[in-house]
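**Student:** Handing you a structure now.
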Amino acid sequence: MTDVENGTITGIEILREAPCGSTRGTASECVGMPLSAETLRHFGLRICHHCVAPRFGKTCDKEVSGALHVRQLLHSIPGEALAAAGLEKFSDEMDQILQEFRKKQAGTV
């Protein structure tokens, strides 16, 4: 669940996180930031930056990971806060991006 007060992210409860640790580090950076498409894009890019999976010999598609994190963050924001920030279209776009990733991975693109 993501807490939003007066258009500002006031807390992010992490229920499930990436094994590389990028979720926790990035979520803490977003607290105090305005709920906006810019903040959500920043969140996705910072997920990619914080990811340490390649350093441990693991593979990670950072682009997909960033998009998945943004989508899940969007799903954790109360609907009224999402609407007040005008992010419904952005949320739909993230879902479309992830559908394209899935098609690409399945080889149907």
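**Student:** Taking the range 15-42 as the region of interest, how many residues are over 24 Å from LYS89 (Cα atoms), surrounded by 13 or more Cβ atoms within 10 Å (Cβ to Cβ) and in contact with a Ser or Thr (Cβ under 9 Å, 6 or more places away or on another chain)?
**Tutor:** The number of residues fulfilling the criteria is 4.
**Student:** Determine the pairs where a residue that is within 14 Å of SER65 (Cα to Cα), located within the range 82-109, has a partner that is modelled with pLDDT of 85 or more and among the basic types (Lys, Arg) with Cβ atoms under 8 Å apart, the partner being 6 or more residues away or on another chain.
**Tutor:** MET94/ARG71; ASP95/ARG71; LEU98/ARG71
The values are calculated or read from the model by the stated rules, or taken from the named source; none is laboratory data. All of these numbers come straight from a predicted model, not from anything done at the bench. Heads up, the Cβs are rebuilt from the backbone with ideal geometry, glycines too, and the neighbour counts pull from every protein chain shown.
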